[in-house]
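Taking it in order: structure first as structure tokens, then the write-up.
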Amino acid sequence: MVASKLLTGVARTFGDDEIIVSKTDATGRITYCNDVFIRLAGYTESELLGQPHSMIRHPHMPRTIFKLLWERIGAGNEVFAYVVNRCKNGDHYWVLAHVTPDRDEAGKVVGYHSNRRTATAQALAVIEPLYASLRDIEAGTADRKAGLEAGWARLHDILAEKGGDYDRFVLDI
């Protein structure tokens, strides 16, 4: 079940007191989603369960940010990241995601847990132009891998200019 390729340009919002929650297995397939997620994404629970979480990936999300996210959680670390998701009907919604690995009794990562809150206008004023520049860099070459590497290098340059790491950057805006 893949989201429509249509983009409406319509932003959906949710309450500051609401939290989107989802869980996935180690391969990124959805094993749990709460009612806030279901409502915003516009899918039914049965359409979401068992599907790759990437089904709600918005094409305006830079691959660089997902590389960072997967690198961090794949190493067993938590990560905070701003993400724009696509709804089933082509609308979108911005979140501040907190993604953590779930472990079994032996400490092996068996899945991921994500809590997402609404993104503030102040944060989006910083994130949207940053993500647009990363997308432009990624698209600036015919070689997708080279584009991703260039975006990755630019993100690290920006973080170095800010004097910190990605977590500090995200949590400070």
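Just so it is clear, none of the values below were taken in a lab; they were calculated from the coordinates. None of the values given here were measured: they were computed from a predicted structure. No Cβ is skipped: glycine too gets one built from the backbone with ideal geometry, and neighbour counts run over all protein chains shown.
Kindly provide the GluC sites (Glu not before Pro) of region 51-125 that DSSP labels as loop, not H, G, I, E or B, and whose Cβ sees at most 15 other Cβ atoms within 10 Å. Passing sites in region 51-125 are Glu78, Glu105.
Please go through the residue pairs Lys23/Lys88; Lys88/Lys162; Lys5/Lys108; Lys5/Lys145; Lys5/Lys162 and name each one whose alpha carbons sit more than 29 Å apart in this structure. Don't skip to the end; give the middle numbers.
Values: Lys23/Lys88 19 Å; Lys88/Lys162 36 Å; Lys5/Lys108 36 Å; Lys5/Lys145 23 Å; Lys5/Lys162 36 Å.
Pairs exceeding 29 Å: Lys88/Lys162; Lys5/Lys108; Lys5/Lys162.
Close amide H partners of Tyr82, meaning residues 5 or more places away or on another chain with modelled amide H under 5 Å apart, are Ala97. Rounded to the nearest 500, the helix-only mean residue ellipticity at 222 nm of the chain stands at -12000 deg cm²/dmol, with each DSSP H run of n ≥ 4 adding -39,500 (n - 2.57).
All alpha carbon pair distances within the chain were sorted into 5 Å bins beginning at 0; the resulting P(r) in whole percents reads 1, 8, 16, 21, 21, 17, 11, 4, 1, 0.
Rank the residues Leu130, Leu40 as a footprinting-exposure proxy: fewest other Cβ atoms within 10 Å of their Cβ go first. Show your work: numbers first, answer last.
Values: Leu130 18, Leu40 22.
Taking fewest neighbouring Cβ atoms as first place, the list is Leu130, Leu40.
Note on Leu134, Leu159: ascending count of other Cβ atoms within 10 Å places them as Leu159, Leu134, the fewest first.
Counting other Cβ atoms within 10 Å, which trypsin sites (Lys or Arg not before Pro) in region 105-173 have at most 14 and lie in a DSSP loop? If you can, show how the numbers build up before the last one.
Details: sites: Lys108, Arg116, Arg117, Arg135, Arg144, Lys145, Arg154, Lys162, Arg168; in loops: Lys108.
Sites meeting the loop and neighbour criteria: Lys108.
Return a whole-number percent for the relative contact order of region 20-163, with Cα pairs under 8 Å and 6 or more residues apart as the contact set.
Working: 227 pairs, mean separation 31.7, N = 144.
Reported as a whole number, the value is 22 percent.
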